[in-house]
Amino acid sequence: MIDEFRGPVLVVVAHPDDIEAHCAGTVAQLVARGEDVSYVLVTSGNRGTDDPGVTAEEIAAQREDEQLAAARIVGVECVRFLRYDDSDLLFHMPQLRAELTSIIREMKPRTIITHDPYPGNGSRDSCAIYPDHTTQGLMTFQAAYLCSPGPLFYPDQLKRGLAPHRVEMLYLIMSDKPVTQGRDHPDMDDFFRRIAGELGDKGSCRLAEGFRRLPPT
Ligand SMILES: [Zn+2]
């Protein structure tokens, strides 16, 4: 499947750790292949802690640092933080949709990796229907396929010199298991290997990451 990914590739996710949990292996292979890959983090996970002694600003700074370090490991240099508040992404976010449209028109990705806005499977864990994930996926879907190619969407952006852009394919990550920063998981390595192994079984390989392919029509 990775042969189908066409660069430039833009990865848009809700929180620091979403990429590492679901698609960083794919990103590493794309970078190694010479593709241009960039990250957009819609929130900095500024409420992702159980510790009452830490502030939102402190946890956001820590998670941004961790995200930048993780990006460097797989060779991604361009990381943007939009800094919406963690867990406050609601169903309708016109400002976020406009912001994502502007980024897509600027960066001109052929491929976007993002959250599945409609996980739609009752057997999935609550992480899959977490509002940040579904809303961010929906806003990215609309920005990519509805707004970015349409010159009548956000004409102020065109006046700023941006041009309409058509994204060729969305690949949607599926949050099968709740994974979050902020707690110690002594068996984290085994946890991820087990998930990757289960996905690998479906694809007849040892370890894998899973995507749903969503074309524009
Ligand atoms: Zn997340």
Count - residues of segment 18-36 that are open to solvent by 10 Å² or more (accessible area, probe 1.4 Å), within 22 Å of Tyr84 (Cα to Cα) and among the aliphatic types (A, V, I, L, M): 1
Members of segment 1-17 that are out of contact with any Asp or Glu (no Cβ under 8 Å at 6 or more places or on another chain) and open to solvent by less than 10 Å² (accessible area, probe 1.4 Å): Leu10, Val11, Val12, Val13
Selection status of Asp51, acidic (Asp, Glu), within 10 Å of the ligand (Cβ to nearest atom) and touching a helix residue (DSSP H, G or I) at 6+ places or on another chain (Cβ under 9 Å): no
Helices (runs of 4 or more DSSP H) contained in segment 5-105 and holding at least 2 residues under 19 Å from Leu172 (Cα atoms): 18-22, 24-32
Test: residue in segment 118-128 that is in a helix (DSSP H, G or I), modelled with pLDDT under 95 and open to solvent by 50 Å² or more (accessible area, probe 1.4 Å): yes
Unmet criterion (only one of (1) at pLDDT below 90; (2) open to solvent by 70 Å² or more (accessible area, probe 1.4 Å); (3) in contact with a strand residue (DSSP E or B) (Cβ under 8 Å, 6 or more places away or on another chain)) for Glu168: (1)
Which numbered condition Glu57 misses (of (1) touching a His at 6+ places or on another chain (Cβ under 9 Å); (2) among the charged types (D, E, K, R); (3) open to solvent by 20 Å² or more (accessible area, probe 1.4 Å)): (1)
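The values are calculated or read from the model by the stated rules, or taken from the named source; none is laboratory data. This is a predicted model, so every value here is computed, not measured. As a convention, Cβ positions derive from the backbone with ideal geometry for all residues, glycine included, and neighbour counts pool all protein chains shown. With ligands, DNA and RNA removed, areas are computed over all heavy atoms of the protein, side chains included. Shrake-Rupley method; radii C 1.70, N 1.55, O 1.52, S 1.80 Å.
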